[in-house]
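Structure in structure tokens, see below.
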Amino acid sequence: MSHIVDQQCTIKNLDALAAACARLGLDLRRDQKTHAWWGRFVGDSPGIEGRDPATYGTCDHAIGEIGKISQDGYNGNWEIGLCRRQDGSGYTLVYDNYGDAGRRLEQLAGKGLKKLIEEYGIEVATRRLRKQGYRVTRTTDAKGRAKLVCFG
Amino acid sequence: MKTIIITFDGEDVQITTEGFSGKACKAATAELERELGTVTSDRTTAEYHKVSHDEKQA
């Protein structure tokens with residue numbers, strides 16, 4: 001081995017995100033400034049750190065299930081919001097995980113949106129390393145985690 | 001053979017390089033690290049400190 005880097009993946013590239021969404025049955029709704037959720041903050045959770053509850057439901061872009069029209073409220077079709085970080089480092093993903101509508105988002109994107117973030121990272125890495133001339137193969141490791149093996 | 005292995009676990013990513021000599025491994029992954037996000041730790045291995053044949057000749 002030569003070097004080992006640990007890092008945290010941050011959503012920055014919307015084209016890569018759109019491709020990751022498509023693999024999960026989601027679509028990126030660019031420039032959609034609101035995302036569907038319960039509709040009002042009832043105080044039953046800690047909320048989103050650093051944000052005024054009056055701004056909940058607003059975003060810079062949204063992600064929803066392909067073929068489903070955005071709809072707030074119980075039994076609605078909820079969406080994930082992408083909110084640009086104030087420090088310019090990328091986007092934060094926000095969503096409401098309550099009830100059937102929230103569970104549907106987690107079915108598609110993973111609990112805590114884990115699957116979506118992984119697919120995004122895989123897309124970014126695949127694009128970058130193929131551009132550098134590497135042959136990229138996707139597999140899983142012994143713990144079932146997604147893994148890219150890239151030969152140059 | 002130069003190999004880059006990337007493991008994903010939610011937002012946690014680990015990038016491991018193999019088969020590179022000297023600083024070439026860092027150059028190979030610099031852009032990838034920048035595009036993925038924030039580096040939380042970076043450790044080199046014995047292979048990193050091995051001077052390549054080309055570097056010795058220069």
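The values are calculated or read from the model by the stated rules, or taken from the named source; none is laboratory data. Values in this document were obtained by computation on a predicted structure and should not be read as measured data. Because the Cβ atoms are built from the backbone with ideal geometry, glycine has one as well, and the counts that use them run over all protein chains shown.
Every residue in the range B:45-54 that is surrounded by 16 or more Cβ atoms within 10 Å (Cβ to Cβ) and either at pLDDT 95 or above or not in a loop (DSSP other than H, G, I, E, B) (or both), please. Step through it out loud before you land on a result.
Looking only at the range B:45-54, we keep the residues that are surrounded by 16 or more Cβ atoms within 10 Å (Cβ to Cβ), and these are B:45, B:47-48.
The answer is B:Glu47, B:Tyr48.
If you don't mind, there's one more thing I want to ask. Please work out which one of (1) more than 14 Å from chain B (Cβ to nearest Cβ); (2) in contact (Cβ under 8 Å) with a residue 40 or more places away in the chain is the condition A:Gly39 fails and give its number.
Just one mismatch for A:Gly39, condition (2).
Would you mind telling me which numbered condition in (1) in contact (Cβ under 8 Å) with a residue 12 or more places away in the chain; (2) outside any helix (DSSP H, G or I); (3) within 18 Å of the chain's Cα centre (by Cα) A:Gln8 fails?
(1)
Residue under question is A:Ala36, and the condition is that it be modelled with pLDDT of 95 or more, assigned to a loop (DSSP other than H, G, I, E, B) and touching a helix residue (DSSP H, G or I) at 6+ places or on another chain (Cβ under 9 Å); does it hold?
Working: modelled with pLDDT of 95 or more: yes; assigned to a loop (DSSP other than H, G, I, E, B): yes; touching a helix residue (DSSP H, G or I) at 6+ places or on another chain (Cβ under 9 Å): yes.
So A:Ala36 passes the test.
Cβ contacts < 7 Å: first residue more than 7 Å from chain B (Cβ to nearest Cβ), restricted to the range A:124-152; second residue surrounded by 11 or more Cβ atoms within 10 Å (Cβ to Cβ) and part of a loop (DSSP other than H, G, I, E, B), any location; separation 6+ or different chain. Result?
Correct list of pairs: A:Gly133/A:Gly152.
Also, I was wondering about something else. Please state which of the following conditions B:Glu33 fails to meet, knowing it meets all the rest: (1) at pLDDT below 95; (2) assigned to a helix (DSSP H, G or I); (3) at the interface with chain A (Cβ under 7 Å from one of its Cβ atoms).
(1)
Enumerate the pairs (first residue in the range B:18-30 and among the acidic types (Asp, Glu); second residue anywhere and part of a loop (DSSP other than H, G, I, E, B)) with beta-carbon separation below 8 Å, excluding pairs fewer than 6 apart on the same chain, so at least 6 apart or on different chains.
B:Glu18/A:Met1; B:Glu18/A:Ser2; B:Glu18/B:Lys2
Now, a different point. Give the residues of the range A:69-112 that are closer than 14 Å to A:Arg23 by Cα and facing chain B (nearest Cβ under 9 Å), sorted by residue number.
A:Gly110
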